[in-house]
Amino acid sequence: MAVLHSVSQPECLLCSSHGPDVRERVRIIRLSAELCDRCWNKVADELALSEGATAAPEPEFDSDDVQWIEPRACRHCDALVRCYPTLYDRWVELATFELPPKEVSPLHRWRLRRPKATNTPIAVATVAIRIGAIDPTPGEPVIPAHEFVCLRHEGREARPFFAG
């Protein structure tokens with residue numbers, strides 16, 4: 001719980017600053033902390049780099065616009081990708097199919113979940129969560145990060161199980 005300042009403003013857990021930009025972060029209540037915008041962006045950016053969640057967010061579309069919206073495609077291999085926000089307000093490109101966990105590197109295993117808490121400025125119905133601490137059971141499929149199955153990313157060869 002954050003320490004309250006004399007004017008009843010919460011205190012940033014990392015830098016101890018007070019102000020209107022200090023608020024509870026992350027969509028899972030048990031893992032949330034009160035951070036200012038500067039500290040939150042630093043923590044979220046570091047986590048995003050370590051998990052590979054470095055995709056640009058989906059563009060906002062005008063509800064009155066009737067133009068066709070093309071599905072998102074990988075800039076390296078032109079395969080279709082699904083882009084989802086993470087629990088820490090960053091975005092990740094995922095493959096459009098599931099695989100058994102034994103065929104996906106632990107660093108690239110993701111699941112989609114509906115958040116229970118909504119203490120974030122981004123309104124979403126589904127978020128991507130990287131599976132890290134606990135290995136999934138063999139019968140539980142995972143969604144690989146597109147980077148793992150990309151045919152041309154950083155000059156990698158095609159993976160034999162790619163089911164594009």
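Summary of values
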item: Selection of chymotrypsin sites (Phe, Trp or Tyr not before Pro), the range 58-100, meeting DSSP coil and at most 11 other Cβ within 10 Å; result: Phe61, Trp68
item: Where labels lie 7 Å past Cα in the beta-carbon direction, separation of Ala125 and Asp21 in nm; result: 3.3 nm
item: Probe 1.4 Å, protein heavy atoms only - accessible area per residue of the range 68-115 in square angstrom; result: 56 Å²
item: Given charges at Cβ of Lys, Arg, Asp, Glu: the range 29-76 dipole, positive-most of Val43, Pro57, Ile69; result: Val43
item: In nm, spacing of pseudo-spin labels at Arg114 and Leu49 (7 Å Cα→C-beta vector); result: 3.6 nm
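The values are calculated or read from the model by the stated rules, or taken from the named source; none is laboratory data. Because the structure is predicted, anything quoted here is derived from the model rather than measured. Glycine gets a Cβ as well: all are built from the backbone with ideal geometry, and neighbour counts include every protein chain shown. What goes into the accessible areas is simple: the full protein's heavy atoms, side chains included, and nothing from ligands, DNA or RNA. Shrake-Rupley method; radii C 1.70, N 1.55, O 1.52, S 1.80 Å.
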